[in-house]
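J.: Before we start, here is the structure in question, set down as structure tokens.
We did not get these values from a lab; they are worked out from the coordinates using the rules stated. What you see is a predicted model, and the numbers here were worked out from it, not measured in a lab. In this analysis, Cβ positions are derived from the backbone assuming ideal geometry, glycine residues included, and neighbour counts consider all displayed protein chains.
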């Protein structure tokens, strides 16, 4: 078993059981306890599990972390996803860019002179987009100092007057769900509104999202046109999702 596959399996076991002992993981995966401890140290550094004496526990499914804290986690994977996602943008498009660390990566690869219209509720995205020659609209609303984005009634009312060609959406872990998720109700709500006003909805998700969890599902996979992920995503889960939506592995 490759190291990435093993760590994905560890995440799956921890999330399914809530907590697990090092000795049990070592026995289940047929590796040494020292190997498991190194794996848990890595997963803990990525914020995917919480280490405890003799084992690990699942991270709180409700707790979200600021995008800046997560920006360089799975950086290579997010970069590959973000670069490929650019191919879905055509001239004169109206696109929506969601909040989140993957979206921060996405905007960094966005050409400055595409001559498109961009709508976003992400402060992090706007900070970069104002340096481009594209037309940029920012949704007002209630401000979250965690996700660094806006949501609520003002934001959803603004969306009622907009028609979006392509929406690029983020997601929290969806291992226990049948669609992309959010850890906060207000963020799930605005994502649902975006989907309702967009002709094409594309979710960007690195491999860690397949084996971690969040609380709120904001859409079913059949409402999503394309899921773009990386080559380390669990193949069995990718094949299962392809029964419901298009999955692109980069």
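J.: Would you compute, from DSSP H runs of 4+ residues alone, the mean residue ellipticity of the chain at 222 nm, taking -39500 (n - 2.57) per run and dividing by the full residue count, rounded to the nearest 500?
T.: So the helix-based figure for the chain works out to -10500 deg cm²/dmol.
J.: Still on this model: For the stretch 92-134 and the stretch 75-91, what is the separation of their C-alpha centers, rounded to whole Å?
T.: 12
J.: Express in whole angstrom the spacing between the alpha-carbon centres of the stretch 143-219 and the stretch 1-43.
T.: Distance between centres, Cα-based: 30 Å.
J.: Let me ask something additional. Need one number: % antiparallel among DSSP beta bridges in the stretch 106-250, to the nearest 5.
T.: Percent antiparallel among DSSP bridges in the stretch 106-250 is about 30.
J.: Pairs of alpha-carbon atoms within less than 8 angstrom and 6+ residues apart define the contacts here; what relative contact order does the stretch 3-58 have, in percent?
T.: Reported relative contact order: 41 percent.
J.: Could you check the spin-label model distance between residue 192 and residue 90? Points 7 Å from the Cα along Cα→Cβ, value in nm.
T.: In this crude label model, residue 192 to residue 90 measures out at 3.1 nm.
J.: Could you check the simple spin-label distance between residue 199 and residue 142, using points 7 Å along Cα→Cβ, in nm with one decimal?
T.: Distance between label points: 3.3 nm.
J.: Still on this structure: Rounded, prolate or oblate: which fits the stretch 123-250, taking a ≥ b ≥ c as square roots of the Cα gyration tensor eigenvalues, rounded meaning a/c under 1.5, else prolate when a/b beats b/c?
T.: Prolate, since a/c reaches 1.5 and a/b exceeds b/c.
J.: Largest first, please: the extent of the C-alpha atoms of the stretch 106-152 along each principal axis, to the nearest Å.
T.: Cα extents, longest axis first: 30, 16, 13 Å.
J.: Here's another thing I want to ask about it. Taking R0 as 41 Å, what's the FRET efficiency between residue 45 and residue 162 from their Cβ-Cβ distance, rounded to 0.05?
T.: So, using R0 = 41 Å, E works out to roughly 0.55.
J.: Would you mind calculating the relative contact order of the chain from Cα pairs under 8 angstrom and at least 6 residues apart, reporting the percent as a whole number?
T.: Answer for the chain is 17 percent.
J.: Can you sort 210, 72, 42, 53 so the residue with the fewest Cβ neighbours within 10 Å comes first?
T.: Ranking 210, 72, 42, 53 by Cβ neighbours within 10 Å, fewest first, gives 53, 72, 42, 210.
J.: Using a Förster radius of 25 Å, what is the FRET efficiency between residue 28 and residue 239 based on their Cβ-Cβ separation? Nearest 0.05, please.
T.: About 0.60, to the nearest 0.05.
J.: So for the stretch 179-250, averaging the separation of alpha carbon pairs under 8 Å that are six or more residues apart and normalising by length, what relative contact order in percent results?
T.: Relative contact order of the stretch 179-250: 36 percent.
J.: Using every alpha carbon pair in the stretch 3-58, what percent of pairs falls into each 5 Å bin from 0 up to the bin containing the largest distance?
T.: Per 5 Å bin, starting at zero, the Cα-Cα P(r) for the stretch 3-58 comes out as 4, 23, 40, 27, 5 percent.
J.: Separate question: Per residue, how much space in cubic angstrom lies within the convex hull of the C-alpha atoms of the stretch 178-218?
T.: Convex hull of Cα atoms, per residue: 69 Å³.
J.: Provide the FRET efficiency to the nearest 0.05 for the residue 57-residue 127 pair, computing r from the beta carbons and using R0 = 35 Å.
T.: For R0 = 35 Å, the calculated efficiency reads 0.50.
J.: So for each of 123-130, 16-23 I average, over its residues, the number of other beta carbons within 10 Å; can you give me the resulting order with the highest mean first?
T.: The densest-packed peptide leads the list: 123-130, 16-23.
J.: For a quick size check, give me the Cα extents of the chain along its three principal axes, largest first, whole Å.
T.: 56, 32, 32
J.: Relative to the first principal axis of the alpha-carbon coordinates of the chain, what is the inclination of helix 3-17, with its axis defined by its Cα atoms, in degrees from 0 to 90 and to the nearest 10?
T.: 90
J.: Share of antiparallel DSSP beta bridges in the chain, in percent to the nearest 5?
T.: Roughly 40 percent of the DSSP beta bridges within the chain come out antiparallel.
J.: Something else now. Could you tell me how many degrees, from 0 to 90 and to the nearest 10, lie between the Cα long axis of helix 75-85 and the main elongation axis, the longest principal axis, of the Cα atoms of the chain?
T.: Roughly 40 degrees, rounded to the nearest 10.
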